[in-house]
Amino acid sequence: MFETDESEPHPLLGVTVHSWGMSLHKLSDLRAGDLMIFLSVARCQSVSGAARELNMPASQVSKAVSRLEEQLGLQLMVRSTRGITISDDGNRILPQFTTLVQGVQDLDRRDNIETAVAVAAPSYMIIWCAPQITKALPGTRVRAIEMAPALIRTLAASNFFDVCITMAEERLPESWVSQHVGEMRRSCFGTPELYKELGPPPISIETILRVPFVLPVYNANGVYVPVDDGCPLAATQRTAGHEAQTMALALEIASVTKQLVFGPLMAAYPFIADGRMVEFEVEGWDERDPIHVACNVDRVRASQQRVIADAVRAELERLSAFHRAAD
């Protein structure tokens, strides 16, 4: 493993790398996001203050600074019962960090290279949220990607997307930060005609058990596999009706048959708006999922993270207001 010569400062950081006991291999592992987090801590003179500024947990800020200290072989912060201060080494290297981060941000500006933020979410979610994100980020090219939740979990570490919107707080890599932006109800949906036939709400479980459901399936190498849709009644407990691979297709089928669909209210909004479907209140059911926006802090600036989360939150509130008015 090669190391830099002790007498020559590193060209980016302006200090001698060998004197820190730091190898070129470790230098290549430095994250721009960690540098930006340290700069925020230096500005705020506080881990909690930086966490508020960056809109991330304080534990994530501490981990980033500790990781940076380990990779550089320097103590950047002095911790005491009175809080933290930036160490002499930290203050000495601070101007070089500022210059380095500024250079990275300059590369990301629209006048140098067109920026892009890839946002992944289930189809029924991305169709509502992507337009609001594009409006909130006028200087950024948004790449909207329809993706199943299982694929989001699988591909989060591959840099295939930078932001994801999920109906749960997914277990994502360390470089991702997630925040709760609202909730979405999951329920049963069917035609107004079927609603009248089943009688006044709430509908009993015994009645629901007699009604066929359009059930979700997944095509795995030519084999159709049942999918758990989160319904309080497992697929094996319900009367099986037609099958569909997407929620949108299941709703289309249910809108012309006397079958029910269980799923997120967000997916059913267009069908409710045009009168083809209504929500069925089932006795004892009140299924709700928290919605989270997660961002890769190495690829999405803190200011963009806040804008994206606010755009999704505002759209969820707008949809909730629409449904309340429809009721």
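List of remarks:
- Listed peptides 210-219, 190-199 appear in the order 210-219, 190-199 once ranked by packing, highest mean of other Cβ atoms within 10 Å at the front.
- Shape descriptor for the stretch 212-272: Rg over Rh equals 0.95 (Cα atoms; Rh from the Kirkwood inverse mean 1/r).
- Local electrostatic count at GLY182 - Lys and Arg +1, Asp and Glu -1, tallied over other residues with Cβ under 12 Å: -1
- Using the Cβ of ALA51 as centre and a radius below 15 Å, the other residues enclosed give a net charge of +2, where K and R count +1 and D and E count -1.
- Taking all Cα-Cα distances within the stretch 185-288, those exceeding 23 Å account for 19%.
- Shape parameters for the stretch 164-233, alpha-carbon atoms, Rg then Dmax in Å: 17.5, 52
Each reported figure results from applying straightforward, stated rules to the coordinates on display, with no laboratory input. Here the structure is a predicted model, which is why all the values come from computation and not from measurement. Cβ atoms come from the backbone with ideal geometry, glycine included; neighbour counts cover every protein chain shown.
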